[in-house]
Structure formats: C-alpha cells, structure tokens
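Values in this text are rule-based calculations from the coordinates and carry no lab data. In this text the structure is predicted, and so the values were computed from the model without any measurement. Cβ placement follows ideal geometry from the backbone for every residue including glycine, while neighbour counts extend to all protein chains displayed.
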Amino acid sequence: SKEFKDFMNKNGFGIQIRNPEEFYNFVKEQDSVWKEILKLGGYLK
C-alpha cells in the first residue's frame with residue numbers, strides 16, 4: 001500500500017523486490033553478518 005511504502009521510506013527502510021535466487025543470496029549473506037554480530041555481543045558461543 002502507499003501508506004506502507006511511505007512509512008518505510010520515512011523511517012529509512014528501502015523496499016527491494018528480489019527473485020528467489022537473489023533472496024536466497026541476501027538471506028545467506030545476512031545470516032553470516034548477524035551471526036558474527038551475535039558472537040561479538042556474547043549471545044552465541
């Protein structure tokens with residue numbers, strides 16, 4: 001909806017449409033990034 005897009009843009013979030021392969025690669029990349037952050041924060045051993 002227009003309201004959702006406006007809310008996301010107003011709060012600094014972008015909306016990206018991805019095909020299945022692009023989405024898989026994005027999630028894989030984010031998993032690595034957040035795993036390291038959680039380790040550094042002491043949340044993972």
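Return the pair list, or none, for Cβ contacts closer than 8 Å from residues in the stretch 1-13 that are without any contact (Cβ under 8 Å) to a residue 40 or more places away in the chain to residues that are surrounded by fewer than 10 Cβ atoms within 10 Å (Cβ to Cβ), at least 6 apart or on different chains.
Short answer, once both residue conditions are applied: Lys5/Ile15; Met8/Gly14; Met8/Ile15.
Between a first residue in the stretch 16-45 that is closer than 25 Å to Phe4 by Cβ and a second residue that is of a type in the set (D, E, K, R), which pairs have beta carbons less than 9 Å apart while being 6 or more apart in sequence or on different chains?
Correct list of pairs: Gln16/Glu22; Tyr24/Arg18; Asn25/Arg18; Phe26/Arg18.
Given the criterion surrounded by fewer than 10 Cβ atoms within 10 Å (Cβ to Cβ) and more than 12 Å from the chain's Cα centre (by Cα), identify the matching residue among Glu36, Glu3, Glu22.
Values: Glu36 fails: surrounded by fewer than 10 Cβ atoms within 10 Å (Cβ to Cβ); Glu22 fails: surrounded by fewer than 10 Cβ atoms within 10 Å (Cβ to Cβ).
None of the others qualify; the one that does is Glu3.
When residues of the stretch 4-45 are filtered for being in a loop (DSSP other than H, G, I, E, B) and basic (Lys, Arg), how many remain? Explain how you work it out, then say what you get.
Narrowing the stretch 4-45 to residues in a loop (DSSP other than H, G, I, E, B): 11-19, 41-45.
Retained after the next criterion (residues that are basic (Lys, Arg)): 18, 45.
Qualifying residue count, the stretch 4-45: 2.
Which condition breaks for Gly41 when tested against (1) under 13 Å from the mean Cα position of the chain (by Cα); (2) exposed (fewer than 11 other Cβ atoms within 10 Å of the Cβ)?
In the conditions (1) under 13 Å from the mean Cα position of the chain (by Cα); (2) exposed (fewer than 11 other Cβ atoms within 10 Å of the Cβ), Gly41 misses (1) alone.
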